[in-house]
Structures are given as C-alpha cells and as structure tokens.
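Visitor: Have a look at this one before I ask anything.
What follows is calculated from the coordinates using simple rules that are stated; it is not laboratory data. The structure presented is a predicted model; accordingly, all values stated were derived computationally and were not measured. Note: ideal-geometry Cβ built from the backbone for every residue, glycine included; neighbour counts use all protein chains shown.
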Amino acid sequence: MNRRIIIFTIIAMTIALIGLMGIQIYWIQSASAIKEANFRRSVNESMVKVVQKVERMEKNKALAFNQYQSILNIDRHLPYDTFITKESLDSLINLQLNMRGVDTRFEFCIYKPELQEFMMERSSNFRKELIEKGNAFILFQSDIYTSPEYLLIFFPREKQFLLTELWGMLLISIILIIVIVYSFTYTITTIFRQKRLSEMKNDFINNMTHEFKTPISTISLACEALSDKELRGSGEILSNYLSMIQEENKRLAVMAEKILQTAVIDKGQLKMNREKIDIHEIITDVIKNLRIQVEIKDGEIVKKFGATKSRIEGDRVHVTNLVYNLLDNANKYSPKKPLIRINTENANNGIVIIIEDNGIGIGKNDQKKIFDKLYRVPTGNIHEVRGFGLGLSYVKAIVDEHHGKISLESEVNKGTKFRVFLPFIIKE
Ligand SMILES: Nc1ncnc2c1ncn2[C@@H]1O[C@H](COP(=O)(O)OP(=O)(O)OP(=O)(O)O)[C@@H](O)[C@H]1O
Ligand SMILES: [Mg+2]
C-alpha cells in the first residue's frame, strides 16, 4: 500500500474515531441531563406532597386541639413539635421519594430565614449545605402574616446517585471505545509491519537475484569458452575453466542451502545430529577458510583460546555454520583493515565464544532486530555489502537448539562484540 494512502487512512480513521467519541460524550451528557431533570421533578413532586401532608396534619391537630381558636387564627400555625416529630417527617419524605424511585440519602430541615432559626432538623451537620445547595419548599404559604418558613432538602450523594443510574451506559461506552482504539492501533501496527516485511522480502529477492547472477554468468562464460574447439586443446586452460565452474557451482550450492535451511527452521524441522564436538577445532577450521578473505583486506584474525574445556555436545555442521556466520559478518561489516578477535572461556558449565570486530557497528535500535529473518540494517537504499539477512536468524536458531545464549554489544563506527554461550550438555 502506498505510504500516502496509509497516512490518509490513519488521519481519516482518527478523525472518525474522535468524532464518534465526541458524539458518544454528547449523548451521555444529554442522558445525564435528562436523568437530572427527572430527579429534580421527582424531588419536587415528592416534596410538594410532603408539604401538603404536613399542612394537613397541622390542620387536623389544630381542629382537634381547639376548633374555635384555630378558625380564628387562620394566619398562625401550631408549633411543629405539637403535630409532627422529626422521625415521622423523615419517614414521610422517605416514603414519597421512594415511591418515585429516588433512593439515596437525604438531609432535611425546617428553616426560618428571617430568624435564621432551624425549627426542626434531622442532624445539625449539614446546615451550610442545606442553606446553600438545598431545595427549598415553602410551608404554610397561606400564613400571610408570618415570615415564610421553608422545608429544605439536600442530597449529599446526589452526583453519585445520578452516576450509578448511568454507569451501565458509561461502562459499555468505555469498553467499546477501548475495543475500537485497540483494534485501530493493532491494525495500523500490522499494516506497518506487513509493509516492512514486504520491503524486506523485495530486498531479499533483489539480493538473491544478484548473488545468483554472478556465478551463473561466470559458469556460462566458462562453458562458452569450453565449447571453443581451439581452447579444448590446452589441458591447463581446460582444468582452469573446470575448476572455475566447480568453485562457482559450490558457491551456488552454499547459497541455495542457506535459503533452504531457513525454510527448514521456519517449519521447525531443524535436525540436530548430536555428538561430542571440539569448539576450538571448529573455530580453527573456520578461520582457515576465512583467513584469505580477511587478509585480502589487509586484516587479521586473532584467536585466544582461554577455555580449558572445549568439548561440548552439539551438531558439528550447525555449530561450524554458526561460527562461520559470525566471523563472516565480522569481516563483511569491517570495511577497513578488519581486526577480528575470537576468544573462548569457560563459564556456567559451558563455553563462551566471543567474536569482536572493529567494523561499522550496529545502532541501539537495530540491535534488537538483527536476529529477525531477512532483517538487514538499512544504509540508505544501497547496500555496499551483499547478504540475505538470514545469517543471524540462523545463528539464533542454532543457539536456541543448543539451549545456549547469544548477546551483543556494539557501538556505531567502533565495532561489535558477539558472545555465544553453549552448554557442555544439552539439557532437555
Ligand atoms: N559484525 C557486524 N557488524 C556490523 N553489522 C553487523 C554485524 N553482524 C551483523 N550485522 C548487521 O546485521 C544484519 C543481519 O546480519 P545477517 O548475518 O543476519 O545477514 P547478512 O550478513 O546481511 O546476510 P547473510 O544472510 O548473508 O548472512 C546485517 O545485514 C548487518 O547490517
Ligand atoms: Mg551474515
């Protein structure tokens, strides 16, 4: 996929997501506003009923108490404690609120603002809140000659109550948003990973074609020369060409083997031929094969066998390839006069092979990735050094098969140091 299309899609999706979240928040807010309005209405209705009840109680009491006096004194009600207790007022309010589904703690009082007097109250802890934030309902409105008295009610846990009514919706919204954001980021990272993979695959195919092309063209040239009758007369030239063909053929076989090997590792079908092998012997053999390539560049390989016990259980071919790959890298990625040190030491019931070079080094970010299949440190678009990016992934697989460990230290332009630990015995 085109980079621009990806970025455009990401931006579009982000905007859509933010839009959706905005709408969601808006809906929740509206729902919460409706809930709050409902709550207010229920409280109002309940309290109107309570006020009516209180007034009726007073009237009944007054009639029974002194019918005559009460009819004359229409403008003055009886003292509260003569017809109602705070407990009965409490249960009256409670009943009315419960009937309308308002099931949360409340505080109430009867307050006369003129005298700043609390004529009846459930507790004195909420006076300030009752006056500042409480809902007020006038009592005995018809007593036109006395200053007004109010029944005040306050809900200390009003916010929580409204929220618990909404929490189901909120929770589902939050879960859905998390799911969408997660899937979104997952999709994006997958797209980028796939893109990187496909670029790496393209690189690999380019490299492979290049690597195969050289020996193929050399062989075809040699064959052409051999078909020349005049040349066939000379035995020396003939054997020269033949050995050239043989060498190039070997190179081709090695490359094909490398690629096939990776496929085998991928399928988990790597076969291990366990035997007693001598690491020092293997290293010496590999150095013998690589020495010329290093010396061509005016470099050298210095070995120091510090390990006293160098025999381990392992696969001869794979461990040889392992050492070869690491030394080959050390040489390949040291453009000027390679100085390659290879040391061994014993530790933790095993042997440690340390391969150090003075080459181009590997940046911190790339160090994690170099063991990935096909990964090559990008150096612009041109790779000066050819390779498939398979060597280290193979090395890692072999180390794992031997239950060993591999680590590296590296600094750009200073060099790289690989440490490979292989145990004496492979424990299952
Ligand atoms: N000693 C080293 N110094 C600097 N960079 C290194 C070194 N060893 C490996 N690298 C980096 O790690 C990458 C992966 O190495 P790996 O051996 O897997 O692949 P390769 O050498 O490119 O190809 P091949 O499959 O032929 O070995 C290399 O492309 C290189 O960028
Ligand atoms: Mg390599």
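Visitor: Could you tell me whether the range 191-340 comes out rounded, prolate or oblate from its Cα gyration tensor? Rule is a ≥ b ≥ c as square roots of the eigenvalues, rounded for a/c under 1.5, then prolate if a/b exceeds b/c, otherwise oblate.
Guide: Numbers: a/c = 1.77, a/b = 1.28, b/c = 1.38.
The shape class here is oblate.
Visitor: Sticking with this one: Which GluC sites (Glu not before Pro) in the range 356-409 sit in a loop by DSSP (not H, G, I, E or B) and have at most 10 other Cβ atoms within 10 Å of their own Cβ?
Guide: Values: sites: 356, 384, 401, 409; in loops: 384.
Here the GluC sites (Glu not before Pro) that fit, given the DSSP loop and packing criteria, are 384.
Visitor: Just from the alpha-carbon atoms, what are the Rg and Dmax of the chain in angstroms?
Guide: Expressed in Å, the Cα Rg and Dmax of the chain come to 44.5, 153.
Visitor: Less than 17 Å from a label point 7 Å out along the Cα-to-Cβ axis of residue 311: which backbone N atoms in the range 270-294 qualify, by residue?
Guide: Answer for this model: 274-283.
Visitor: Hey, another quick one. Using Cα pairs closer than 8 Å and at least 6 residues apart in sequence, work out the relative contact order for the range 163-266, in percent.
Guide: Details: 24 pairs, mean separation 22.5, N = 104.
Normalised by residue count, the contact order of the range 163-266 is 22 percent.
Visitor: Where the centroid of each part is defined by its Cα atoms, how far is the range 256-278 from the range 179-231 in Å?
Guide: First find each Cα centre; the distance between them is then 22 Å.
Visitor: What number, in percent, do you get for the relative contact order of the range 274-423 if the mean sequence gap of Cα pairs under 8 Å and at least 6 apart is divided by its residue count? Don't skip to the answer; put the middle values down first.
Guide: Numbers: 278 pairs, mean separation 36.1, N = 150.
Relative contact order for the range 274-423 comes out at 24 percent.
Visitor: Can you tell which of 145, 89, 47 lies farthest toward the positive end of the dipole of the range 3-156, using +1 and -1 charges on the Cβ of basic and acidic side chains (Lys, Arg; Asp, Glu)?
Guide: Of the options given, the answer is 47.
Visitor: Just to confirm the filter: which chymotrypsin sites (Phe, Trp or Tyr not before Pro) across the range 111-165 are DSSP coil and have at most 11 other Cβ within 10 angstrom of their Cβ? Spell out each step's value before the answer.
Guide: Details: sites: 111, 118, 126, 137, 140, 145, 150, 154, 161; in loops: 140, 145.
Of the chymotrypsin sites (Phe, Trp or Tyr not before Pro), the ones in loops of the range 111-165 whose Cβ has at most 11 other Cβ atoms within 10 Å are 145.
Visitor: Roughly how many Å is it from the Cα centre of the range 1-19 to that of the range 356-428, as a whole number?
Guide: Spelled out, the Cα-based centre of one part sits 36 Å from the other.
Visitor: Still on this structure, I have one more. May I ask you to list the lysines whose Cα is less than 26 Å away from that of residue 369, ignoring any residue fewer than eight positions away on the same chain?
Guide: Hits, sequence-local ones excluded: 195, 201, 258, 267, 271, 332, 336, 396, 405, 414, 417.
Visitor: Can I ask one more? What order do you get for 197, 151 when you list them from fewest to most C-beta neighbours inside 10 Å? Provide the component values of the computation, followed by the final result.
Guide: Numbers: 197 14, 151 22.
Fewest to most other Cβ atoms nearby, the residues stand as 197, 151.
Visitor: If you keep only loop residues by DSSP, which trypsin sites (Lys or Arg not before Pro) in the range 382-423 have at most 16 other Cβ atoms within 10 Å of their Cβ?
Guide: On the way: sites: 386, 396, 405, 414, 417, 419; in loops: 386, 414.
Answer in residue order: 386, 414.
Visitor: Give the distance, in whole Å, between the Cα centre of the range 42-63 and the Cα centre of the range 131-173.
Guide: Using only Cα atoms to place each centre, the spacing works out to 17 Å.
Visitor: Label residue 425 and residue 336 with points 7 Å out from Cα along Cα→Cβ: what is the distance between them in nm?
Guide: Computed distance between label sites residue 425 and residue 336 equals 5.0 nm.
Visitor: Another question about this same structure. Can you work out the Karplus-derived ³J(HN,Hα) for every residue in the range 138-154? Use 6.51 cos²θ - 1.76 cosθ + 1.60 with θ = phi - 60°, whole Hz, and x for glycine or proline.
Guide: Result, ordered by residue: 6, 9, 6, 4, 6, 6, 6, 9, 10, 5, x, 10, 10, 9, 9, 10, 9 Hz.
Visitor: Here's something else I'd like to know. Sort 402, 280, 210 so the one with the fewest other Cβ atoms within 10 Å of its own Cβ comes first.
Guide: Values: 402 23, 280 15, 210 11.
Ordered by Cβ neighbours within 10 Å, fewest first: 210, 280, 402.
Visitor: Rank 296, 180, 318 by how far each Cα sits towards the positive end of the charge dipole of the chain (+1 on Lys, Arg Cβ; -1 on Asp, Glu Cβ) and give me just the farthest.
Guide: Value: 296.
Visitor: Full extension from residue 56 to residue 27: what is 0.36 nm times the residue separation minus their Cα-Cα distance, to one decimal in nm? Write out the running numbers ahead of the final one.
Guide: Values: separation 29, 0.36 × 29 = 10.44 nm, distance 4.33 nm.
Taking residue 56 through residue 27 to full extension adds about 6.1 nm, to one decimal.
Visitor: Now for a different question. Determine, for 223, 109, the number of other Cβ atoms within 10 Å of each Cβ, and report the residues in order from fewest to most.
Guide: Values: 223 11, 109 23.
Result, fewest neighbours first: 223, 109.
Visitor: Which part of the range 300-339 falls in the paramagnetic zone of residue 384, meaning amide N under 11 Å from the point 7 Å along Cα-to-beta-carbon?
Guide: Label zone hits: 333-337.
Visitor: Using label points projected 7 Å from each Cα along Cα→Cβ, tell me how many nm separate residue 189 and residue 98, to one decimal.
Guide: Computed distance between label sites residue 189 and residue 98 equals 5.3 nm.
Visitor: If you don't mind, another one. Spin-label point model (7 Å from Cα, Cβ direction): what's the residue 117 to residue 5 distance in nm?
Guide: Placing both labels 7 Å along Cα→Cβ, they lie 8.4 nm apart.
Visitor: Please work out how much length the chain gains when fully extended from residue 242 to residue 259, using 0.36 nm per residue of separation minus the C-alpha to C-alpha distance, in nm with one decimal. Show your work: numbers first, answer last.
Guide: On the way: separation 17, 0.36 × 17 = 6.12 nm, distance 2.59 nm.
Stretched out fully, the residue 242 to residue 259 stretch lengthens by 3.5 nm.
Visitor: Against the longest alpha carbon principal axis of the chain, how many degrees, from 0 to 90 and to the nearest 10, is the axis of helix 279-296 turned?
Guide: 70 degrees
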